[in-house]
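Notes follow once the structure below has been shown.
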Amino acid sequence: MVAIRRVAGSRSARQGHEFYGCRLWPRSDCKFFIWKQQVDVMFYDGGNSNILKLKNKALEMKIANLEVEKMMLQEENKTLKNKQAFCNVMSTKSFVVALVTVLLAMYWYFASQ
């Protein structure tokens with residue numbers, strides 16, 4: 001698409017300001033319009049570096065969020081490992097208690113005969 005640079009006329013609040021518009025206007029209108037000042041900011045006055053700064057900031061925030069998520073997962077992992085160790089100990093204790101109970105029952109059974 002080719003845009004034509006024009007100057008706002010006397011009926012405009014921005015008389016004398018340049019803008020880019022549809023090349024088919026006034027016979028037809030593709031509805032394209034942008035002020036030249038906006039184009040200058042985007043392409044010549046550091047607009048690209050501003051976009052890159054915004055993207056960089058967004059990536060920095062994403063990294064920070066991932067680091068927090070990593071810390072939370074590490075803490076959850078520690079908690080789960082502690083629970084697993086506790087369950088293993090309790091399982092071993094339960095087995096020992098059950099074994100002692102069975103041995104005592106057998107001892108009383110045979111001792112009473």
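Descriptive notes on the structure:
- Helix content alone sets the calculated 222 nm mean residue ellipticity of the chain: runs of n ≥ 4 DSSP H residues at -39500 (n - 2.57) each, divided across all residues, give -23500 deg cm²/dmol.
- Dipole magnitude of segment 1-45 about its Cα centre (Cβ charges: Lys, Arg +1; Asp, Glu -1), debye to nearest 20: 260
- The string of couplings for segment 77-94 from the Karplus curve (6.51, -1.76, 1.60, θ = phi - 60°) is 4, 4, 4, 5, 5, 5, 5, 5, 4, 4, 5, 5, 5, 4, 5, 5, 4, 4 Hz, one whole number per residue in order, with x for Gly and Pro.
- For the chain, with +1 on Lys and Arg beta carbons and -1 on Asp and Glu, the positive-most of Ser12, Trp35, Ala98 along the dipole: Ser12
- Close amide H partners of Phe32, meaning residues 5 or more places away or on another chain with modelled amide H under 5 Å apart, are Cys22.
- J(HN,Hα) series, segment 16-32, from Karplus relation 6.51 cos²θ - 1.76 cosθ + 1.60, nearest Hz, glycine and proline x: x, 7, 8, 8, 10, x, 4, 6, 7, 5, x, 5, 9, 9, 8, 6, 7
- Solitary cysteines of the chain, where the nearest other Cys Cβ is not under 4.7 Å: Cys87
- Those chymotrypsin sites (Phe, Trp or Tyr not before Pro) in segment 18-73 that DSSP places in a loop and that have at most 16 other beta carbons within 10 Å: Phe32, Tyr44
- Near His17, the amide H atoms lying under 5 Å from its own belong to Ala8; only residues 5 or more places off or on other chains count, and H is placed 1.01 Å from N.
- Contact order normalised by residue count of the chain, Cα under 8 Å, 6+ apart, percent: 12
Read-outs: derived from the displayed coordinates by stated rules, not from any lab. Quick caveat: nothing in here was measured; it's all calculated off a predicted structure. Here the Cβ is made from the backbone with ideal geometry for all residues, glycine too, and neighbour counts use every protein chain on show.
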